[in-house]
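Trainee: One structure is given below, represented as structure tokens, and several questions about it will come after.
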Amino acid sequence: MNNPLRWLALVLLDEPRLPEFEEMARLIGESFPESPNLTVAGATENLFTCTIGEYTAAVTLVDRPVPWSQLEGPCATAWYWPTATEALKDHRAHLLVTLVDEGSKSIDKSMALTQLVCGLLGCTASHGVFWGPGRLVHPPQAFFDQAIQSSPADLPLFLWVDFRVERDPDGTCRLYTTGLEALGRSEIEIPHFVGEPQKMLEYAYNVAHYQICKGKHLNAGDTIGLTDEVQVTVELGPSLFDENLEVVQLSFQ
């Protein structure tokens, strides 16, 4: 599925100001000592382009708010940030952060974009972040904290992927993801789960992290032992929301 928001993030600002490239680069170097070198490629009053390792990125100041129609849905469903609507409603401008898709590993591109966003958060008065591939919003400090605590073995998937949990009328739960496709994996859905929503979220996260870190594609009929007592069976089928989209469906034993 083609995602038009792939490798795009928005930093929502209190005032329309483009930070200095040198300040951003310094903050990224301090926060991520093993990050690739950043080099400025060009700059104007409202834009700079740069390289971050092998990637080309651009940061553009847009002197107006992000259309609320783009933020309203992600704010309403941000269960991890109950005050998202209040926090983002009154932002005055934003930075459009884009990374050119060079065709390399999705994890590397996600980390490069994440580090760029963190550098910008450190030198702006920001209300929050919109992460395009997963259509998620995040508070600035939480985004930064999760990013700096991440590693190749502990990816910040909650920054990149929307693990949407919903209650069904019968008291059971279901879950679906947005953002795994941008990372080169099929989206995950749990159509029916009996138990605590937090446990379902934990299981889905572990399955997603496993397939991304291990480079594993899940196949129909695969069985994964999540704990000594819990096993999940993998099926491939049409999404609950789009019959033309094939997803990984997890059922629990």
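The values are calculated or read from the model by the stated rules, or taken from the named source; none is laboratory data. Predicted, not measured: the structure shown is a model, and the values here were computed from it. Backbone-built Cβ (ideal geometry, glycine too); neighbour counts: all protein chains shown.
Listed here are the residues, each with its yes/no results for (1) within 18 Å of residue 129 (Cβ to Cβ); (2) loosely packed, with under 15 Cβ neighbours inside 10 Å.
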position: 27; (1), (2): yes, no
position: 30; (1), (2): no, yes
position: 52; (1), (2): yes, no
position: 79; (1), (2): yes, yes
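Trainee: Evaluate segment 84-99: report whether one residue or more is part of a loop (DSSP other than H, G, I, E, B), over 22 Å from residue 122 (Cα atoms) and not β-branched (Val, Ile, Thr). I'd like the intermediate steps shown before the answer.
Mentor: Pass one, segment 84-99, residues part of a loop (DSSP other than H, G, I, E, B): 89-92.
If we keep only those that are over 22 Å from residue 122 (Cα atoms) as well, we get none.
No, that holds for no residue.
Trainee: Now a separate question. Against the definition (hydroxyl-bearing (Ser, Thr, Tyr), within 13 Å of the chain's Cα centre (by Cα), part of a strand (DSSP E or B) and not assigned by TED's automatic domain parsing to the domain that holds residue 23), how does residue 233 come out, yes or no?
Mentor: Values: hydroxyl-bearing (Ser, Thr, Tyr): yes; within 13 Å of the chain's Cα centre (by Cα): no; part of a strand (DSSP E or B): yes; not assigned by TED's automatic domain parsing to the domain that holds residue 23: yes.
Considered against the rule, which asks whether it is hydroxyl-bearing (Ser, Thr, Tyr), within 13 Å of the chain's Cα centre (by Cα), part of a strand (DSSP E or B) and not assigned by TED's automatic domain parsing to the domain that holds residue 23, residue 233 comes out as no.
Trainee: Moving on to the next point. Would you pick out the residues in segment 94-114 that are under 12 Å from the mean Cα position of the chain (by Cα) and among the basic types (Lys, Arg)?
Mentor: Across segment 94-114, the qualifying residue is only 109.
Trainee: Looking only at residues in segment 100-120 that are among the small types (Gly, Ala, Ser) and part of a loop (DSSP other than H, G, I, E, B), which one is nearest to residue 36 (Cα to Cα)? Before you say what the answer is, go through the steps one by one.
Mentor: So the first thing to find is which residues in segment 100-120 are among the small types (Gly, Ala, Ser), and the list is 103-104, 106, 110, 112, 119.
Within this subset, residues satisfying the condition of being part of a loop (DSSP other than H, G, I, E, B) are 103-104.
Values: 103: 17, 104: 15 Å.
Among them, the one singled out is 104.
Trainee: Given the residues 77, 85, 56, which is the only one that is of a type in the set (S, T, N, Q), out of contact with any Phe, Trp or Tyr (no Cβ under 7 Å at 6 or more places or on another chain) and modelled with pLDDT of 95 or more? Spell out the reasoning first.
Mentor: Numbers: 77 fails: modelled with pLDDT of 95 or more; 56 fails: modelled with pLDDT of 95 or more.
That would be 85, the only listed residue that is of a type in the set (S, T, N, Q), out of contact with any Phe, Trp or Tyr (no Cβ under 7 Å at 6 or more places or on another chain) and modelled with pLDDT of 95 or more.
Trainee: Find all pairs meeting these conditions: Cβ atoms under 6 angstrom apart; at least six residues apart or on different chains; first residue within segment 135-163 and without any contact (Cβ under 8 Å) to a residue 12 or more places away in the chain and in the same structural domain as residue 110 (by TED's automatic domain parsing); second residue buried (at least 21 other Cβ atoms within 10 Å of the Cβ) and outside any loop (DSSP other than H, G, I, E, B).
Mentor: Here the result reads none, with nothing in segment 135-163 linked to a residue that is buried (at least 21 other Cβ atoms within 10 Å of the Cβ) and outside any loop (DSSP other than H, G, I, E, B).
Trainee: Out of 171, 215, 225, 184, which single residue is free of Cβ contacts under 8 Å to residues at least 40 places away in the same chain, more than 24 Å from residue 81 (Cβ to Cβ) and within 24 Å of the chain's Cα centre (by Cα)? Walk me through how you get there before you give the answer.
Mentor: Values: 171 fails: within 24 Å of the chain's Cα centre (by Cα); 225 fails: within 24 Å of the chain's Cα centre (by Cα); 184 fails: free of Cβ contacts under 8 Å to residues at least 40 places away in the same chain.
None of the others qualify; the one that does is 215.
Trainee: Name the strands (runs of 3 or more DSSP E) wholly within segment 162-227 that hold at least 2 residues that are modelled with pLDDT of 90 or more?
Mentor: On the way: elements: 162-167, 173-178, 188-193, 223-225.
Qualifying strands (runs of 3 or more DSSP E): 162-167, 173-178, 188-193.
Trainee: A further question follows. I'd like the full set of residues that are over 15 Å from the mean Cα position of the chain (by Cα) and either surrounded by fewer than 24 Cβ atoms within 10 Å (Cβ to Cβ) or part of a strand (DSSP E or B) (or both), limited to segment 121-140. I'd like the intermediate steps shown before the answer.
Mentor: Within segment 121-140, the subset over 15 Å from the mean Cα position of the chain (by Cα) is 121-127.
122, 123, 124, 125, 126, 127, listed by residue number.
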